[in-house]
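Novice: Sharing a structure with you now.
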Amino acid sequence: MADIDTSTSDLRVRSLYPYETQRAEDLSFGENVVIEAHPSKFGGDWWYGTTVNDGRSGFSPQPYVPVVEPVQATALYSYEGSSPDELSFTEGDALTVVNRLESHKGRAEWDGVVCAMPAA
């Protein structure tokens, strides 16, 4: 851990792909998991992080977990997700939008997991 920058805080990344551990110190995760990350001090390809939703920690390959540029938004209306991949919310809920896919779709973080949502 000597090459990990633990001075960084609130650096959130989102997994683009699932990753299964190769070593005991690695962190396994699925797609669209939010991780609080600490990058390598020397620009290495392995970052240390902790999953937001369940607190598991370990190393992960940096290309799997790009930095999230979140936008805070307020729900204009309630929405009931129709599948486990969709986010349900009520009017007035504060949402963290992490990706806008199309003019009418996006992805938002909720409790450390990224889900699909409608976008106005």
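Novice: At R0 = 25 Å, how high is the FRET efficiency between ASN53 and ALA2 if r is their beta carbon distance? Nearest 0.05 is fine.
Specialist: Taking R0 as 25 Å, the efficiency between ASN53 and ALA2 is 0.35.
Novice: Out of segment 45-78, which chymotrypsin sites (Phe, Trp or Tyr not before Pro) are coil in DSSP terms and have no more than 11 other C-beta atoms within 10 Å?
Specialist: TYR77
Novice: Measuring from label point to label point, each 7 Å out along Cα→Cβ, what is the THR90 to GLU25 span in nm?
Specialist: 4.6 nm
Novice: ILE4's amide H: which non-local residues (gap 5+, or another chain) put their own amide H closer than 5 Å, with H modeled 1.01 Å from N in plane and none for Pro or chain starts?
Specialist: Under 5 Å from the amide H of ILE4 lie the amide H atoms of LYS41, each far enough along the sequence or on another chain.
Novice: Let me ask something additional. So who's got an amide H within less than 5 Å of the one on SER88, skipping anything under 5 residues away but keeping other chains? H placed 1.01 Å off N, in plane.
Specialist: Answer set, sorted by chain and number: GLY81.
Novice: Let me ask something else about it. Using +1 at the C-beta of Lys and Arg and -1 at the C-beta of Asp and Glu, which of THR21, PHE59, PHE42 has the Cα lying farthest in the positive direction of the dipole of segment 12-64?
Specialist: Of the options given, the answer is PHE42.
Novice: Now for a separate question. Could you go through segment 38-51 in sequence order and give the Karplus-derived ³J(HN,Hα) for each residue, using 6.51 cos²θ - 1.76 cosθ + 1.60 with θ = phi - 60°, rounded to whole Hz, and x for Gly and Pro?
Specialist: Along segment 38-51, the couplings run 10, x, 5, 5, 10, x, x, 8, 10, 10, 9, x, 10, 5 Hz.
Novice: Roughly how far apart, in whole Å, are the Cα centres of segment 75-95 and segment 6-61?
Specialist: Distance between centres, Cα-based: 27 Å.
Every number in this text was worked out from the coordinates using simple rules, so none of it is lab data. The structure displayed is predicted, hence computed values, not measured ones. Here the Cβ is made from the backbone with ideal geometry for all residues, glycine too, and neighbour counts use every protein chain on show.
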